[in-house]
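Following: one structure in C-alpha cells, then a few remarks.
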Ligand SMILES: [Ca+2]
Ligand SMILES: [Ca+2]
C-alpha cells in the first residue's frame, strides 16, 4: 500500500515537471527567436509596356522589421526561371547590383526599365532574384515576378 502510493506520487511529480519544462521552452523560445530573425522578401510587380522609350517596373523588397544598421542584398534580373521576356529587348538587364536598406527602413525598391515597342505579342514576364544578404537578415522569398502587359493590337 505504501509502495503503491509512493510510486503514484513519483509518476505524477515527474509528469508535472515534464509539462513545466515544455511550457517553459515554448514561452521563452518563441518571442526571443522572433525578435532576432529579420527576413528579406521580394514582391511581384507588373507594368504596361508602352510603345517607345522605357517605362519603369518597380519591385518592392521588404524587411520584416527595421534594423539599426544598414542591410544590403544583391539582385539580378533573371534568365533562368522560364522567363518569357528577353533581357535587353523587353527590359534592361540588371546584374550584380546591390540594394540598401538604410537604418530604420523596412522596404526599398528595385527599378527595372521596360522597353516599349509596337509589336503585337503576348504578355511576358521576367524575374528579379535576390542573393547574398548582408547585415544580419536571411532571405525568406528571393524571387519576384514582373509581368509586362502588352498594349499593342
Ligand atoms: Ca507597346
Ligand atoms: Ca508589344
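Quick notes on this structure:
- DSSP beta bridges fully contained in segment 39-149 are about 80 percent antiparallel.
- Computing FRET efficiency as 1/(1 + (r/R0)^6) for residue 150 and residue 94, where r is the C-beta to C-beta distance and R0 is 22 Å, gives about 0.50.
- Estimated FRET transfer efficiency (residue 105, residue 54; beta-carbon r; R0 22 Å; 0.05): 0.25
- Label-point gap, in nm, between residue 141 and residue 84 - each point 7 angstrom along Cα→Cβ: 2.1 nm
- Segment 39-149, relative contact order in percent, only Cα pairs under 8 angstrom and at least six apart counted: 41 percent
Every number here is computed from the coordinates shown, using simple stated rules; none is lab data. In this text, all values refer to a predicted model and were calculated from it rather than measured experimentally. Neighbour counts are summed over all protein chains in view; Cβ atoms, including those assigned to glycine, are modelled from backbone coordinates with ideal geometry.
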